[in-house]
Amino acid sequence: MKNFNAQILSKMSRKVAFPITFFKWKINKTQSLARSILSETKPFSGNGIPKIKRQLRKHFQAILEKKEESENADLLTSFLLQEQPGEAFQKASFDYRLKTGAAEPIILPFDYYYREAKPGVFGAILPVIPLYATGRSTAELEEVFGAQINHFFARKQKVSPLLAALTWQSTGKVRIKPANIKLRIPTPATYKKSARKKEKVWLSSVGKPLKIKEQKLFGYEEELRKVRRFSDSFAPKILLVGSEHVGKTTLVYEFARSLKSSKIYETSAEELIAVLSQGSGWEVNINNLFAELKHTDDWLFIKNYYALFKVGQYFGNEISIAQYIQNRLDGIRLISELRPEELDAIKKDHPGYLNDFKTVTLQPVKNKDLFFEIIHDKITAHPSKPVISEAAIQAAYYLHLRFGEFSGEIGVISTFFENIIASKGQVQKSPKITPADVYELFHLHTGIPLQFIDANRPLDVQQMNRFFAERVFGQDAAINKLTGTLLELKTGMVKAGKPIASFLFSGPTGVGKTELAKVLSLFMYGREDAMKRFDMSEYAENHFKLINTPSHDSLTGAVLNNPFSLILLDEIEKANKEVQDILLQILDAGRYTDPNGKVINFSSCIIILTSNIGGSKSVRQMPGFSRKQTDPTEVIIAELEKHLKPELINRFDQIIPFLPLTPANIEQVLERELLLLQKRTGLLEHHIPLHVPKNVRALLVEKGYDKTYGARQLKRALNEHFASPLARFLNTFDLFDVRPTQIIASLRKGQIHFEMESMQELAGELLMEELDHLALVNDAADLRRLLSESEKGNAILELKKRMEQKNCPQSQYHFDRFVNLKKKILAFEQAVGLEILNEISFSPKRDRELNDLKDEFLAVKKEICLFLFPPKESKCLFFLYGKNLAPFIDFYQSLFKALHFRYNLVSRNLYNSPKKRSSVKWEVQGDHFTFETLQWEEGRHLWQTHVNNTPMRSEGTVQVFKYVENGPRTASYKSENFPKLNRRTITPNTLTDTRLDLDTSFNDQNEMIQTLAPALQKAGLEKALEKLFI
């Protein structure tokens, strides 16, 4: 509207007549249809032109006076002012081919009208939909109309509107009728005043205004000056380019803090498409958004501009939001950010797109002294006023340099320290941050052992070798090579900017390659499931699913979701040759760019490839291997080069050969497998020890030894000759009736047989001890299952979502607490299980430990809930019905006080007649969980007291409802809503409550309330949290 031509504004007349063209269809002598190109309604029947004129006059007058937003604002300024008398319209038609999935498309004939708008340019109208187009020829006009009809059909997803339009077209002869509408033109002063008052409908919907009060940016002063300088130009468009966590968003926040009169609205591609896709479609709505922006001095900050190229397409439209807005950014103040690889992708795929953008590049801080100074200033400016030592900053810097993708990005280290502050700030004011805090949090985040990351803790090499040797048998040379590389990692002797370590395990099948990888995962990350295994035979034909980043089952997706992990690529020789090129990039640079342009960081991973090359003949028997060659690695490499690229082989930190297992090694593996067999549910559940004598073990070793298949043959023999016969034997007993002391295996005529020793009578104390211990195992398992269900609940999903979307130290802190609690519960369950197996001594403190874990679980859930959903007071209506309610009234008002709830007595109707039901109603207001807490009072209550030495029986029923503003304040008592049995019975000195599982004695009412109030609070809290976590 600012573009009203000077001629109209200079007239300053009260009303101005605008020419409008109408299209009128005459159906018969009495009926006709009419519409204007400016009206998207159905054609008006009867005398339709006056109706349309009134409608348009009201509609456009509102636009002029800025009383409403309209998608026709641009159309009004362009069409009304250009609709001057000129050449008459000429009629033409074209066939639109509608593709419906059938073999042949549907042919729909459309009439349109065109005339020369200016030399060499035609304006055309397709009135039945209506559509408006410009072009240099009729062929170009018809191409534009076809694209517009495609869009129209894609939005409606129905053929019926098109057919209805054609019906109107075929009703009769079309006549073109000129007419005028008169509009009152406001003065420029009125226009400016109304523009200032204009509500930012779309801008406030798609983004949130940044309100930055404290300094956010430290360093990058020159880059900030560039942004300010660019911002002084007309409608600037600024791109901040830099690697992830370098400080692009922080620079925008600091720029927002310096703005005086204008604001910056922050949004993302995902938020844009989610909001703008409503109603008329994102194309129309984004024009409305830009129209708002043009009338303000405000900025739009779009996080990750490259994502705009990935959203917006739909059926019938292949244009993304980024492409659509390319020529619509004039007059818009825009600031966004890109990573360097995304900038290159835009330049390659869309040449010239960024010509109108000003680019500001942020480089990582390479100068260590400057980096330390910036981090110190940024952390000490935190509101909690932490005290941080230079040694702590250096420790964090070198840890991220060695174990992650880091080359001086301020955001990486500052976010890490904010997590420490969030954890220490819970208990300390002005927390002191030391190197020990750095090592502890890095260990918590990654699982890497403290002795690996803490320079002050020497690594016990013998203990490390023993850790591996106790779990992998017969591969001492392989273990020594592996631990040697880990020792180099500990001492900082490995090259940064690549995976933590990379190995190629080669040797026959079944010799422990995969098992050693599992043990390494356990040693480095604290758990075996940190290993992600890929069977490379699945990628023999198509390797693309290996790098399909959105999928969690892909290599890139797995690393993106869990950067600190061990990647095992099993039998690499079976994979497509393209996989080797992918691995070259990963092993060399520690990163990989997927087909979508996304860079995945592998520098926090351990990469292991396994191969059976050389397995057909044992390494000791390979041609060329003699006693002079003590290291079989050269022979392995010679075999590998026949299948793998030499440059790939040279990328590994170590190539580790595995030797065939000996019978002595198989015996060691058997001991481990028998121990695992003892832990299977069938034996563990019934506490049945298993005794296997030496001659039975010797038979299993004999059956299970095979030079070719290694330990795999043992597992087959153990299942065939031991586990299956044992299962058949156990099936002949009812283990709940028979109390076995142990099962004994024996050898008869070369076959394994089993016998059971049992006692029909056990000492009472021993039996009770076992039952209590089994109950403890079940309780621990229940707690673990409850935690697993909570991990899939809305609260944890929301926590993870916040961690992914933005830097939020509090989210990371609460998630780490949840993960740490999970480790504690799993360790507790494992310890109780080992006690059942008599592998460790029984601890009498287990019951107390379990209760402590339950309380901690509840506390962690409450903290997460209050963090995600800030506490607010809630109100409920508390209804009490019954007979002789006097004891209940005093009791409940005392209970409300003990719970720190405020109450207001709404009504009280008390009757002495036993035939009439008394009632009392309160409004109760309190914390976030008021309703859930008092819900546990619902049900029938019996109170037996004495008045003047005369027994008195009081009966009451409680109902609780959520408070609804302007809702009903009454409720009707229905006896069928409650069970006939009393849920609580109170006598002069005892309280029994079946819902809260209470059976206790007390001296007076205060003591009873002190017992009851905590039980109610805990039950209410658990009920409320259950909705969020399960």
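Out of all the residues in segment 547-564, is one or more among the small types (Gly, Ala, Ser) and either assigned by TED's automatic domain parsing to the domain that holds Pro340 or within 19 Å of Phe403 (Cα to Cα) (or both)? There is at least one residue in segment 547-564 that is among the small types (Gly, Ala, Ser) and either assigned by TED's automatic domain parsing to the domain that holds Pro340 or within 19 Å of Phe403 (Cα to Cα) (or both). All told, Leu1016 meets the bar of being at pLDDT 85 or above, under 23 Å from Gln925 (Cβ atoms) and in a helix (DSSP H, G or I).
Any idea which residue in segment 696-721 is nearest to Phe658 (Cα to Cα), counting only those that are of a type in the set (A, V, I, L, M, F, W, C) and over 46 Å from the mean Cα position of the chain (by Cα)? Among those residues, the one meeting the criterion is Val701.
Of all residues in segment 290-343, those satisfying the criterion of being in contact with a strand residue (DSSP E or B) (Cβ under 8 Å, 6 or more places away or on another chain) and not hydrophobic (A, V, I, L, M, F, W, C) are Asp298, Lys303, Asn304, Tyr305, Tyr306, Arg333, Ser336, Glu337, Arg339, Pro340, Glu341.
Identify the residue in segment 526-567 that is over 30 Å from Ile453 (Cβ atoms) and among the hydroxyl-bearing types (Ser, Thr, Tyr) and, among all such residues, is farthest from the chain's Cα centre (by Cα). Here the residue is Ser537.
From the list Val635, Val669, pick out the single residue that is modelled with pLDDT under 90, under 30 Å from Gly750 (Cα atoms) and outside the structural domain of Val777 (by TED's automatic domain parsing).
Val669
Of all residues in segment 872-902, count the ones that are over 18 Å from Leu1012 (Cα atoms) and among the aromatic types (Phe, Trp, Tyr). Going through segment 872-902 one residue at a time, the tally reaches 2. For segment 451-501, a residue qualifies if it is at pLDDT 85 or above and assigned to a loop (DSSP other than H, G, I, E, B), and the qualifying residues are Glu470, Arg471, Val472, Phe473, Gly474, Gln475, Lys498, Pro499, Ile500.
Checking each residue in segment 349-370 for being without any contact (Cβ under 8 Å) to a residue 24 or more places away in the chain and of a type outside the set (D, E, K, R) picks out Pro351, Gly352, Asn355, Asn367.
Given the residues Thr509, Thr556, which is the only one that is in contact with a helix residue (DSSP H, G or I) (Cβ under 8 Å, 6 or more places away or on another chain), buried (at least 23 other Cβ atoms within 10 Å of the Cβ), touching a residue at least 40 places away in the same chain (Cβ under 8 Å) and among the polar types (S, T, N, Q)?
Thr556 is the lone residue from the list that is in contact with a helix residue (DSSP H, G or I) (Cβ under 8 Å, 6 or more places away or on another chain), buried (at least 23 other Cβ atoms within 10 Å of the Cβ), touching a residue at least 40 places away in the same chain (Cβ under 8 Å) and among the polar types (S, T, N, Q).
For Ala322, are the conditions met, namely being modelled with pLDDT under 90 and among the hydrophobic types (A, V, I, L, M, F, W, C)? When the stated conditions are applied, Ala322 does not pass them.
Okay, residues lined up against (1) of a type outside the set (Val, Ile, Thr); (2) over 44 Å from the mean Cα position of the chain (by Cα); (3) modelled with pLDDT under 90; (4) part of a strand (DSSP E or B):
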residue	(1), (2), (3), (4)
Val924	no, no, no, yes
Gln944	yes, yes, yes, yes
Phe961	yes, no, yes, yes
Glu965	yes, no, yes, no
Ala971	yes, no, yes, no
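Looking only at helices (runs of 4 or more DSSP H) that fall completely inside segment 245-340, which ones have 3 or more residues that are hydrophobic (A, V, I, L, M, F, W, C)?
248-258, 269-276, 282-294
Lys513: farther than 17 Å from Val669 by Cβ and either modelled with pLDDT under 90 or not assigned by TED's automatic domain parsing to the domain that holds Arg402 (or both), yes or no?
No, not satisfied.
Of the residues Ile433, Ile410, Ile453, the single one that is in contact (Cβ under 8 Å) with a residue 40 or more places away in the chain, in contact with a Gly (Cβ under 8 Å, 6 or more places away or on another chain) and among the hydrophobic types (A, V, I, L, M, F, W, C) is Ile410. Test Leu482 against the criterion of being of a type in the set (A, V, I, L, M), within 30 Å of Asn820 (Cα to Cα), in contact (Cβ under 8 Å) with a residue 12 or more places away in the chain and assigned by TED's automatic domain parsing to the domain that holds Ile607, and give yes or no. It is true that Leu482 is of a type in the set (A, V, I, L, M), within 30 Å of Asn820 (Cα to Cα), in contact (Cβ under 8 Å) with a residue 12 or more places away in the chain and assigned by TED's automatic domain parsing to the domain that holds Ile607.
Would you say Thr138 is polar (S, T, N, Q) and modelled with pLDDT under 70? No; evaluated as a whole, the condition is false for this residue.
The values are calculated or read from the model by the stated rules, or taken from the named source; none is laboratory data. Here the structure is a predicted model, which is why all the values come from computation and not from measurement. FYI the Cβ positions are ideal-geometry reconstructions off the backbone, even for glycines, and counts take in every protein chain you see.
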